[in-house]
Each structure stands twice: as C-alpha cells, then as structure tokens.
Amino acid sequence: MSDRNGEPIPVFRLDPEEIPRRLRFEAWREIVHPIVDVTPLAHERRFELRYEAYTLDGLVLSESTAGAHRLERGPRHLRQGDTDHITLRAYTRGRAIMGIGDQSLALAPGTIALLDRRYPTRGHAVESTHISCVIPRERIDTGPFDRAPALARPLDSPEGRLLGSALLALWASLPRARTEEAKGLAAGLTGLINGLLSARPDEIERRAFDETTLAAMQAFIKRHLHDLDLDATTLCRSFACSRARLYRLFRPYGGVERYLRDQRLERCFLELTRGDPTRRRIGSVAARWGFEVPSHFHRLFKTRLGIAPSEVPPLAPDPVVRSDLPALLGQQAEIAQLHRWFRQQL
C-alpha cells in the first residue's frame, strides 16, 4: 500500500474465496465498523461478500457486494466523529431503504445520492452491489446538507447523469491509474459535485424552502403512516399547500400516493423480518398496511424491494463478535489501514 509517485493507486481487496462462508458476515461487519453497525437479516452462513477499495488523495472509492443486513449509524459514530464525511453512492444491483435524520430514502439502480454522515442513519439492504465514494467534509460545500441530510437524483436527470457518469468512469479508471494522477482525479470529482451543489441565490432560497417543507411532510407521514386515510388531501390541508406544489415536491418519488405506498411496503418488510413469512402472516401484514389483494401486494412488494414477500430473510440473532477475525482473514494490517483511510488518517 505504498503511496510513492509512479506506483498504482493504493488498493484493498477482500477475496471471498479465501474467507470461510461462516465468517463472511463478520468480515463485512469488520470492514464497515467505522461507518455503520450492521446486523444480518439471514443466517450468516448464507451471507455473500465482495469488497474492493482505493484511496485517492483522501477520498475512498469502493465497490461492495453484501448480503441482506440491517444498518445503523448511531451515537457511537456520531459521538466519536468517525468518518465525518459525505458519501456519494450508486447501486448497480439490489437496493437499500434507510432513514437519515427525518428523511426517508430508497437507493436502487437508477438513483445516485449524496449522504451526509453527520446524521443518525437506520435502514436495511437486500443483497446488493454499490459503488461509493467517501469524501472528507472539508472538500465539499456542505451548505445544502443543513436543509436535507441526503440529496438523491435519478440517473436520467441532468445532475444524475453527470454524477453517475463521473463516478462510474472514475471507478473504472482506478486499476490503471498511478499515484501522481490521484490529486487531479479526486479534484475532478469533488469539483463536479461542488459545481452541482452551487446554484443562483434565488434558486438556493427556493430549494431551501422546498426541502424544509418536504422534510416536514415526510416526518408527518412517518408519524401518521398507520392512518390508512392519510392522502394528498390530508397533507394539503395540514400544510396549507396547493396540490400543484405538493405534487412538485414529491415528483422525485413518483408522486404523493406512490411515496405513501412505498413507505407502507417498507413497514411490511420490517414486520416480515420479525418472523417466518408464511402465507397467512404475509396476508395479515399486508392487510394491516392497506394491501387487500395478495397478487397486487406481491407485485408491488417485489418491484419496490427486489424480493418477494415470502423471500424476506428473518432477522438473524446477533452474531458473536470475534476479536481475532482480522487475524483469521490474514489481513489484520490491511483492514487497519482501510479503517485509517475511512477516518482520513493517511
């Protein structure tokens, strides 16, 4: 992992073929420990894992494939200031559903997002693959994140196309890149992000007002989601908001009704992780959240979450932490170096 000029960009690779299947979840937990705490959503013997990361002038770019798991970034990380950064992330397979602060977010192929790690985060992911870039906070204009902890854009939007193309192109170039190119490559990506985050003063003011209103509406929806009569009319009345503006605010989510439906599907997923998803239990959970037709619920659930209701993995018991895991993997020094990359202690 030398960083002398003329050498390849420093890289960390975890070869899953060298890890016993029973240890793969523990390896994943060890890798992401500075960023989030994770719990398996299925028995760890079935956990899939592949991981590769590069450090690039203080940025850390990685591609991860991991099995179904819950994730939480809580008091331990926030109190210690671990990885005080912004993450740029794009999924190429699978999906994750998470709450960042009061904001709900679905990450799946077709979306790219910037996530502010100052905020507590909770969520879950099905087996998935994503490319991420961890960026130190001081390299990014973080003003927009004072209003919203996550900024997500469709990949077919102008901003999404620029960010997605830049992230994928940079990732593809890293195996051939040399250390003397690192500073320019990192500056190109951060410069693009800062350019997209900047806007005219009037546009900034409008976005701030919209994002504050949207966050308040999402928090209201979260508190009243059990009320099956909650709809666009309720939101317009509660927030003195016109239907036109309401639909504009929720357009990135496919509209208000779709957003409500997706939030209820996510609640169904969480309930189904707490026991065996038998046909009778699936029907009971679906009906409780307003899905009366089984075939319709099955189709919506699979479209939103990537798996059928009957395939939802139960929440596995907390595995025993193995303090000797890095030694067992034969990569104790490399994993410690990876953690220093995340913490920007280069």
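The residues listed here are ALA186, ALA152; of these, the one that is surrounded by 14 or more Cβ atoms within 10 Å (Cβ to Cβ), in contact with a Gly (Cβ under 8 Å, 6 or more places away or on another chain) and touching a residue at least 40 places away in the same chain (Cβ under 8 Å) is ALA186. With the structure loaded, tell me whether ARG178 is surrounded by 14 or more Cβ atoms within 10 Å (Cβ to Cβ) and in contact (Cβ under 8 Å) with a residue 60 or more places away in the chain or whether it fails that test. Spelling it out, it is not the case that ARG178 is surrounded by 14 or more Cβ atoms within 10 Å (Cβ to Cβ) and in contact (Cβ under 8 Å) with a residue 60 or more places away in the chain.
Here segment 243-262 is the region considered, the condition is being outside any helix (DSSP H, G or I) and without any contact (Cβ under 8 Å) to a residue 12 or more places away in the chain, and the residue that is surrounded by the most Cβ atoms within 10 Å (Cβ to Cβ) is GLY255.
Only one of the listed residues (ARG73, ARG79, ARG89) is more than 24 Å from LEU170 (Cα to Cα) and within 15 Å of the chain's Cα centre (by Cα). That residue is ARG73.
Here is a check on your reading of the model: is PHE12 in contact with a Phe, Trp or Tyr (Cβ under 7 Å, 6 or more places away or on another chain) and surrounded by 19 or more Cβ atoms within 10 Å (Cβ to Cβ)? Judged against the criteria, PHE12 is not a match. In segment 84-103, of all residues being surrounded by 22 or more Cβ atoms within 10 Å (Cβ to Cβ) and more than 23 Å from LEU305 (Cβ to Cβ), the one that is modelled with the lowest pLDDT corresponds to HIS85. A residue that is closer than 20 Å to THR142 by Cβ, assigned by TED's automatic domain parsing to the domain that holds ARG176 and either of a type in the set (A, V, I, L, M) or touching a residue at least 60 places away in the same chain (Cβ under 8 Å) (or both) occurs somewhere in segment 121-128. Taking (1) in a strand (DSSP E or B); (2) buried (at least 18 other Cβ atoms within 10 Å of the Cβ) in turn, THR39 satisfies each apart from (2). Under 8 Å between Cβ atoms, which residue pairs at least 6 apart in sequence (or on different chains) link something in segment 107-120 that is of a type in the set (Val, Ile, Thr) with a partner that is crowded, with 21+ Cβ neighbours inside 10 Å and part of a strand (DSSP E or B)? Going by the 8 Å Cβ cut-off, the qualifying pairs are THR111/ALA90; THR111/TYR91; ILE112/LEU88; ILE112/ARG89; ILE112/ALA90.
The values are calculated or read from the model by the stated rules, or taken from the named source; none is laboratory data. What you see is a predicted model; the values in this text were computed from it and never measured. Methodologically, a virtual Cβ is constructed for each residue, glycine included, from the backbone with ideal geometry; neighbour enumeration extends over all protein chains shown.
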